[in-house]
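Chemist: Pasting a structure here, questions to come.
The values are calculated or read from the model by the stated rules, or taken from the named source; none is laboratory data. None of the values given here were measured: they were computed from a predicted structure. With ideal geometry, Cβ positions are generated from the backbone for all residues, glycine too; neighbour counts draw on all protein chains shown.
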Amino acid sequence: MQQGPNTDNSAIVNYGTEGLSGGRTHNLYLANNTLVDDYGGVFIQAAGGTSLIRLVNNLFVGSSQIVSGPAPSEATNLRTTAPGFANIDEFDYRLTSGSPARDAGSPPGQGDGFSLAPEYQYLHEANREERPADATIDIGAY
């Protein structure tokens, strides 16, 4: 996900900010995503009633605050301004062999009984392919 410099939103991901319905837990799981913030706001804005925020293997590109809201549990995330993308100016966010996110992830586990392991990866331009299951997991969407 990429947020441009002229956006009207200060956050890339908003969770529950328009209201959370009562009587249940509100868990946010964010695993193996690439978030690029060219605006300078916040990557994730979560409402005060959020029960759990779990971040694992996410690549946060930019100097923005990672979370505004309840404190997250975090594992193996990377925040950088030098991600090692194939061509950031053309929005080609494939990782180069020298990227600090390459082979730096960890098994994401489960969230509420569902696997958080990525099954697909982005195929430039605007497509997808199966993500290799036997390779060391990368941080981010690849």
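Chemist: Could you list all residues from the stretch 47-104 that are in contact with a Phe, Trp or Tyr (Cβ under 7 Å, 6 or more places away or on another chain) and within 17 Å of Leu116 (Cα to Cα)?
Modeler: Listed by number, the residues that qualify are Arg54, Asn77.
Chemist: Name the strands (runs of 3 or more DSSP E) wholly within the stretch 65-142 that hold at least 1 residues that are under 16 Å from the mean Cα position of the chain (by Cα), closer than 30 Å to Gly49 by Cα and acidic (Asp, Glu)?
Modeler: Values: elements: 65-68, 73-75, 78-80, 85-87, 92-95, 120-123, 127-130.
Once the strands (runs of 3 or more DSSP E) in the stretch 65-142 are filtered for at least 1 residues that are under 16 Å from the mean Cα position of the chain (by Cα), closer than 30 Å to Gly49 by Cα and acidic (Asp, Glu), what remains is 73-75.
Chemist: In the stretch 31-60, which residue that is farther than 16 Å from Gly84 by Cα and aromatic (Phe, Trp, Tyr) is surrounded by the most Cβ atoms within 10 Å (Cβ to Cβ)?
Modeler: Among those that are farther than 16 Å from Gly84 by Cα and aromatic (Phe, Trp, Tyr), it is Phe43.
Chemist: A further question follows. Anything in the stretch 63-90 that is among the small types (Gly, Ala, Ser) and either buried (at least 21 other Cβ atoms within 10 Å of the Cβ) or in contact with a Pro (Cβ under 7 Å, 6 or more places away or on another chain) (or both)? List them, or say none. It would help to see each step written out before you state the result.
Modeler: Looking only at the stretch 63-90, we keep the residues that are among the small types (Gly, Ala, Ser), and these are 63-64, 68-69, 71, 73, 75, 82, 84, 86.
Those that are among the small types (Gly, Ala, Ser) and either buried (at least 21 other Cβ atoms within 10 Å of the Cβ) or in contact with a Pro (Cβ under 7 Å, 6 or more places away or on another chain) (or both): Ser64, Gly84.
Chemist: Considering the stretch 40-56 alone, what residues qualify as being of a type outside the set (A, V, I, L, M) and at pLDDT 95 or above? Outline the logic, then answer.
Modeler: Residues of the stretch 40-56 that are of a type outside the set (A, V, I, L, M), as a first pass: 40-41, 43, 45, 48-51, 54.
Across the stretch 40-56, the qualifying residues are Phe43, Gln45, Arg54.
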